[in-house]
Amino acid sequence: MKTADAMEVLSALAPAEGPQTPELGTRGDVAFLRLASGTAPLRWAVVSTPGDRWFSLEVDGGFSLDYFEEGTSDEDGRAILTRYVDYALQYVAGNAVHSRRGSLGIPELELVTERESVRLRRSLWAQIRTLAGFEQRRH
């Protein structure tokens, strides 16, 4: 799958109606779908990929879910994008459960769809920024 193919898949998966605002685009060779909440404008999620090798879901607060694999088939790429857009829709709708893991209490988000649940981890950089007081805690 190439960037144009990924863009086509994301375009087909973008919600045509609802409380979220979709934005499709490319940056370099990376296709993305950004969803923002119509009722909570600071809540957003971005699904992005160059079409193979890696797929990413990022949400506000520094949480992400990433998939890396050389030679991802087109079929697998479509399935990953479908799952990630489902997760993004759940997050933007406000259906994330915040929790903490480990002895350091590192924040994570759990998203549940009709098919499965997944945990998004907070990036180390976002965690350091919070601990250093550079951004407000959102939990």
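The values are calculated or read from the model by the stated rules, or taken from the named source; none is laboratory data. Keep in mind it's a predicted model, so treat the numbers as computed, not measured. Don't worry about glycine lacking a Cβ; one is built from the backbone with ideal geometry, like all the others, and counts go over all protein chains shown. What goes into the accessible areas is simple: the full protein's heavy atoms, side chains included, and nothing from ligands, DNA or RNA. Shrake-Rupley method; radii C 1.70, N 1.55, O 1.52, S 1.80 Å.
Among the residues making up the range 54-63, those that are open to solvent by less than 30 Å² (accessible area, probe 1.4 Å) and modelled with pLDDT of 90 or more are PHE55, SER56, LEU57, VAL59, PHE63. Evaluating VAL46 against the criteria (1) at pLDDT 90 or above; (2) part of a strand (DSSP E or B); (3) more than 17 Å from THR3 (Cβ to Cβ); (4) among the hydrophobic types (A, V, I, L, M, F, W, C) leaves one unmet condition, (3).
Examine the range 97-107 for a residue that is crowded, with 19+ Cβ neighbours inside 10 Å and within 15 Å of the chain's Cα centre (by Cα), and state whether such a residue exists. No: zero hits. The residues listed here are GLY28, GLY51, GLY38; of these, the one that is open to solvent by less than 30 Å² (accessible area, probe 1.4 Å) and more than 20 Å from HIS98 (Cα to Cα) is GLY51.
Select from the range 26-43 the residues that are assigned to a strand (DSSP E or B) and under 15 Å from the mean Cα position of the chain (by Cα) and write down the one among them that is farthest from ASP86 (Cα to Cα). Looking at residues that are assigned to a strand (DSSP E or B) and under 15 Å from the mean Cα position of the chain (by Cα), I get VAL30.
There is at least one residue in the range 9-21 that is in a strand (DSSP E or B) and within 15 Å of the chain's Cα centre (by Cα).
Going by what's in this entry, would THR72 be described as polar (S, T, N, Q), at pLDDT 85 or above and within 17 Å of VAL46 (Cα to Cα)? Against the criterion (polar (S, T, N, Q), at pLDDT 85 or above and within 17 Å of VAL46 (Cα to Cα)), THR72 does not qualify.
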